[in-house]
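**Student:** Let me give you the structure first, and then I'll get to my questions.
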Amino acid sequence: MLVVGLARTGVATALFCAARGARVTATDSRNETEIGDATAKLKDAGVTLELGGHREKTFVEQDLIVPSPGVAADEAHLQRARAKDVTIWSEIELAYRFIKGRLIGITGSNGKTTTTSLVEHILKTAGMQTILAGNIGTPLIGCVDAMKDETCTVAELSSFQLELIDTFRPNTGVFLNLTPDHLDRHHTMEAYGAAKARLFENQTGDDAAILNADDAATTPYAPSLPRVYWFSRKQRVAQGAYVRGQEIVFRQDGAEEVLLKLEDIPLAGSHNVENVLAASAAARLAGAPAKAIAKGVQSFAGVEHRLEFVAEIAGVRYYNDSKATNVDATLKAIDAFPGRILIILGGKDKESDYAVLQKPLREKAILALLIGTAAGKIEKQISGSVALERAETLERAVETASHAAQRGDVVLLAPACASFDQFQNYEHRGRVFKDLVSQLQKQSAGATSGKR
């Protein structure tokens, strides 16, 4: 078998298969120095490495290929292998054939990480044995050995992972929303939505599908076989979780129960009410009682890089929303604050339309600092809505924002872009932002103490 791409998922897949006696070859366009320490582990496990480029012969002679999520499904070598009837699966498809216990799969354009983390936290609060896996950090295949029949695994799933499944089937599938994203990879919204909707493809009448009743782009993907549940901030649903007054209510088979109050939600923004609704429905269907759901939501600290409060310096609050890698996520981040925002935008463009940011920026922002390769495109599309500055780098953006901000202002990293032009991933970008803010905090503390 062949593993394509040796980032976190590829390494985990290669090691998993080698440990089970498979003859594994792994290929990556990077060389050994660029990949780093993982190569020694792979060699020790007996994995054959082909680095510094891909060989067509290697692809067409396999019985199974597992490409990493970062490798496009229509990549030329994969296309040639497919023409030779080589089986191509994503890592989650391979992992599915070994998992034990129950599986909750969560996808959507935005809110996946928060909702996945929250579901797992609620179930753990309820005393259940849980595993947090998938696109959130630990590949699903890396969790297989820890699974037992009583385990409930909660997995964040991307369109990249779902587009190459075969039999993959979650007991509960959650489709949060659908907004433009990854169009550089999927090319059309139809293809992007169809990839995500494969979450429900193999479900049966014993399974549950949860969708957003308020999202017109998502509702057409409601499946016919599994039991369908909805979540809504705006309307009562036939089955599922919805907001009634100041309460979140779960409705099933005509019966209703109050799960928690809106004031119990510690996360900012109306989008997080939607995330809590979806998580509450999934947790309730998994067997968590209402009290555990309320307790779990109240004690949830949030997710790193998702509207994460970093520090307050001289009355200016700094927030890290590096996970806002598309325009819709940035719109939600802006909506979470009343105004006086200095926003850092930019990175690697994903064929996005930034013009929709004009109105909220005009209403709430006082300065937009543009970084990365998408800076020029963003500048053209939001020009006239807010004061602009081409900062180019995150370091310069934070420095400029710190000088321009006044007491009561918010400095917000919500890039609306991927990170791969200047950073390894969005986590790396977020950590750099937090380090820069930490340096500002130390400088401010030093200046304050020097005045005493």
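The values are calculated or read from the model by the stated rules, or taken from the named source; none is laboratory data. Keep in mind that what you see is a predicted model, and the values were worked out from it rather than measured. Every residue, glycine as well, gets a Cβ built from its backbone with ideal geometry; the counts of neighbours run over all protein chains shown. Please note that ligands, DNA and RNA were not included when accessible areas were found on the heavy atoms of the full protein model with its side chains. Shrake-Rupley method; radii C 1.70, N 1.55, O 1.52, S 1.80 Å.
**Student:** With Cβ to Cβ distances under 15 Å as the rule, what net charge do the other residues near Tyr318 carry (K, R +1; D, E -1)?
**Tutor:** After counting each charged neighbour, the total is 0.
**Student:** May I ask you to give the solvent-accessible area per residue for the stretch 1-153, in square angstrom, as obtained with a 1.4 angstrom probe?
**Tutor:** Values: 6550 Å² over 153 residues.
Averaged over the residues of the stretch 1-153, the accessible area is 43 Å².
**Student:** Probe of 1.4 angstrom, ligands and nucleic acids ignored: what's the accessible area per residue over the stretch 216-374, in square angstrom?
**Tutor:** Values: 6400 Å² over 159 residues.
It amounts to 40 Å² per residue over the stretch 216-374.
**Student:** Would you mind telling me the share, in percent, of accessible area of the stretch 369-430 contributed by carbon and sulfur at probe 1.4 angstrom?
**Tutor:** Taking all protein chains in place, the stretch 369-430 shows 45 percent carbon and sulfur surface.
**Student:** Which pairs, out of Lys124/Lys295; Lys323/Lys348; Lys57/Lys348; Lys41/Lys323; Lys323/Lys434, put more than 21 Å between their alpha-carbon atoms? Display every interim value, and only then the final one.
**Tutor:** Values: Lys124/Lys295 11 Å; Lys323/Lys348 13 Å; Lys57/Lys348 32 Å; Lys41/Lys323 30 Å; Lys323/Lys434 13 Å.
Distance filter (> 21 Å) returns Lys57/Lys348; Lys41/Lys323.
**Student:** Can you tell me the convex hull volume per residue for the stretch 63-182, based on C-alpha atoms, in Å³ to the nearest whole number?
**Tutor:** Output value, Cα hull per residue: 101 Å³.
**Student:** Return the FRET efficiency for the residue pair Arg236, Asp335: r is the Cβ-Cβ distance, R0 is 25 Å, and the value is rounded to the nearest 0.05.
**Tutor:** Working: r = 24 Å, r/R0 = 0.95.
So the FRET efficiency works out to roughly 0.55.
**Student:** Pop out the ³J(HN,Hα) list for the stretch 396-410 in order, Karplus 6.51 cos²θ - 1.76 cosθ + 1.60 with θ = phi - 60°, rounded to Hz; leave Gly and Pro as x.
**Tutor:** Those phi angles translate into 5, 5, 5, 4, 5, 4, 5, 7, 7, 6, 10, 3, x, 7, 10 Hz.
**Student:** Moving on to the next point. Taking the Cα centre of the chain as origin and charging only Cβ (+1 Lys, Arg; -1 Asp, Glu), how large is the dipole, in debye to the nearest 20? Can you show the working numbers first?
**Tutor:** Values: 52 positive and 55 negative charges, 192 e Å.
Using only the charged Cβ atoms, the result is roughly 920 debye.
**Student:** Here is a further query. ³J(HN,Hα) across the stretch 325-336 via Karplus (A = 6.51, B = -1.76, C = 1.60, θ = phi - 60°), whole Hz, x for Gly/Pro?
**Tutor:** Computed from phi, the couplings for the stretch 325-336 are 9, 9, 5, 4, 5, 5, 4, 5, 5, 4, 5, 6 Hz.
**Student:** Order the peptides 243-256, 124-137 from the highest to the lowest mean number of other Cβ atoms within 10 Å of their residues.
**Tutor:** By packing density, highest mean first, the sequence is 124-137, 243-256.
**Student:** Using the Karplus curve 6.51 cos²θ - 1.76 cosθ + 1.60 with θ = phi - 60°, what ³J(HN,Hα) values do you get for each residue of the stretch 351-357, in whole Hz, with x for Gly and Pro?
**Tutor:** Per-residue couplings from phi come out as 6, 8, 9, 8, 4, 5, 7 Hz.
**Student:** Calculate the length of the line joining the C-alpha centroid of the stretch 80-102 to that of the stretch 344-360, in whole Å.
**Tutor:** So the separation of the two Cα centres works out to 35 Å.
**Student:** Would any residue of the stretch 42-68 have its amide N under 17 Å from a label point 7 Å out along Cα→Cβ of Ala76? List them or say none.
**Tutor:** 52-60
**Student:** Distance between Cα centroids, the stretch 124-156 to the stretch 296-311: provide it in whole Å.
**Tutor:** Here the answer is 20 Å between Cα centres.
**Student:** Still on this structure, I have one more. Taking a ≥ b ≥ c as the square roots of the eigenvalues of the Cα gyration tensor of the chain, is the shape rounded (a/c under 1.5), prolate (a/b larger than b/c) or oblate?
**Tutor:** Here the chain falls in the oblate category.
**Student:** I would also like to ask the following. If you average the alpha carbon positions of the stretch 377-436 and of the stretch 186-251, how far apart do those two centres end up, in angstrom?
**Tutor:** 34 Å
**Student:** Roughly what % antiparallel, to the nearest 5, for the DSSP beta bridges in the stretch 201-272?
**Tutor:** In the stretch 201-272, DSSP labels about 60 percent of beta bridges as antiparallel.
**Student:** What part of the accessible area of the stretch 123-201, given as a whole %, is carbon or sulfur when the probe is 1.4 angstrom? Don't jump to the answer; show the numbers that get you there.
**Tutor:** Details: 1320 of 2710 Å².
Here it works out to 49 percent.
**Student:** Collect residues whose amide H, placed 1.01 Å from N in the peptide plane, falls under 5 Å from the amide H of Ala209; neighbours closer than 5 in sequence don't count.
**Tutor:** Gly173, Arg227, Val228, Tyr229
**Student:** Amide H to amide H, which residues 5 or more places from Val316 or on other chains are under 5 Å from it, using H placed in the peptide plane?
**Tutor:** Result for Val316 returns Gly408.
**Student:** How much length, in nm to one decimal, is gained on full extension between Glu34 and Ser444, taken as 0.36 nm per residue of separation minus their Cα-Cα distance? Could the numbers behind the result be given before it?
**Tutor:** Numbers: separation 410, 0.36 × 410 = 147.60 nm, distance 3.75 nm.
Once the chain is fully extended between Glu34 and Ser444, it gains 143.9 nm.
**Student:** Determine which lysines satisfy two conditions relative to Lys364: a Cα distance under 16 Å, and not lying fewer than 8 residues away in the same chain.
**Tutor:** Excluding near neighbours in sequence, the set is Lys332.
**Student:** Turning to a different aspect of this structure: Rounded to the nearest 0.05, what FRET efficiency do Lys57 and Thr204 have when you use their Cβ-Cβ distance and R0 = 41 Å?
**Tutor:** Once the sixth-power term is evaluated, E becomes 0.50.
**Student:** On a full-extension model of 0.36 nm per residue, what is the gain between Ala146 and Ala217, subtracting their alpha-carbon distance, rounded to one decimal in nm?
**Tutor:** Taking 0.36 nm per residue and subtracting the Cα distance, the gain is 21.9 nm.
**Student:** Same structure again: Which of the three applies to the stretch 209-280, rounded, prolate or oblate, going by the alpha-carbon gyration tensor with a ≥ b ≥ c and a/c under 1.5 meaning rounded?
**Tutor:** It comes out oblate by the Cα gyration axes.
**Student:** Given H placed on each backbone N at 1.01 Å, which residues far from Ile88 in sequence or on other chains put an amide H within less than 5 Å of it?
**Tutor:** Close amide H contacts, sequence-distant or interchain: Ile65.
**Student:** Could you tell me whether the stretch 305-410 comes out rounded, prolate or oblate from its Cα gyration tensor? Rule is a ≥ b ≥ c as square roots of the eigenvalues, rounded for a/c under 1.5, then prolate if a/b exceeds b/c, otherwise oblate.
**Tutor:** Here the stretch 305-410 falls in the rounded category.
**Student:** Restricting to the chain, compute how many DSSP beta bridges are antiparallel as a %, nearest 5.
**Tutor:** Within the chain, antiparallel bridges account for around 25 percent of the total.
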